[in-house]
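Asker: I'd like to ask some things about the structure below.
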Amino acid sequence: QVQLVESGGGLVQPGGSLRLSCAASGIIFSSYSMGWYRQAPGKQRELVAHIASGGWIKYGDSVKGRFTISRDNAKNTMYLRMNSLKPEDTAVYYCKATNGSFDYWGQGTQVTVSS
């Protein structure tokens, strides 16, 4: 079956960095567009970054210039490098795989930015 497993979350101070990973199995990873989303308490889930199967990238406005999305098709893994973290980046971060017909989600990883 399809599995998306996020890792790399944790507690970091403002201005710090983290790298999230999303390891996929059960799909032909290279043919899927992948994305990172986040959901803070009391807020709707929002797009953080998206990377298409062909490599096209889009970022949410609040993370442009601070976050970098990438993928390694040989390792069936997507990454999110997060720099200059702010308290408002605190949320559960989810990865998503989509091929236009099916969407799959991971279980999420908590990122907390606090001093």
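The values are calculated or read from the model by the stated rules, or taken from the named source; none is laboratory data. Here the structure is a predicted model, which means the values were calculated and not measured. Heads up, the Cβs are rebuilt from the backbone with ideal geometry, glycines too, and the neighbour counts pull from every protein chain shown. Heavy atoms of the whole protein, side chains included, go into the accessibility calculation; ligands, DNA and RNA do not. Shrake-Rupley method; radii C 1.70, N 1.55, O 1.52, S 1.80 Å.
Asker: Anyone know which of Tyr104, Tyr37, Tyr94 comes out most mobile in the 10 Å Cα GNM of the chain?
Answerer: Maximum fluctuation in the GNM of the chain, among the listed residues, is at Tyr104.
Asker: Given a Förster radius of 35 Å and the C-beta distance between Phe102 and Ser7 as r, what FRET efficiency does 1/(1 + (r/R0)^6) yield to the nearest 0.05?
Answerer: Working: r = 23 Å, r/R0 = 0.65.
Result of the calculation: an efficiency of 0.95.
Asker: Would you mind working out the accessible area per residue for the stretch 44-115, using a 1.4 Å probe, and quoting it in Å²?
Answerer: Working: 3850 Å² over 72 residues.
Normalised by residue count, the accessible surface of the stretch 44-115 is 53 Å².
Asker: Looking at the chain only, what percent of DSSP beta bridges run antiparallel? Nearest 5 please. Intermediate results must be reported in sequence, preceding the final value.
Answerer: Details: 38 of 41 bridges.
The antiparallel proportion sits near 95 percent.
Asker: Then there's this: How much accessible surface does Thr77 have with a 1.4 Å probe, in Å² rounded to 10?
Answerer: Using a 1.4 Å probe on the heavy atoms, I get roughly 20 Å².
Asker: On alpha carbon coordinates alone, what is the Rg over Rh value for the chain, Rh being the Kirkwood radius?
Answerer: Details: Rg = 13.3 Å, Rh = 14.0 Å.
Checking Rg against Rh, the ratio lands at 0.95.
Asker: Per the 1.4 Å probe, what fraction of the accessible area of the chain, in percent, lies on carbon and sulfur atoms?
Answerer: Result for the chain: 47 percent of the exposed heavy-atom area is carbon or sulfur.
Asker: Could you compute the longest span of the chain free of trypsin sites (Lys or Arg not before Pro) located in DSSP loops and having at most 16 other Cβ atoms within 10 Å, not counting the site residues?
Answerer: On the way: sites that count: Lys43, Arg45, Lys64, Arg66, Lys75.
Excluding the exposed sites themselves, the longest stretch runs over 1-42.
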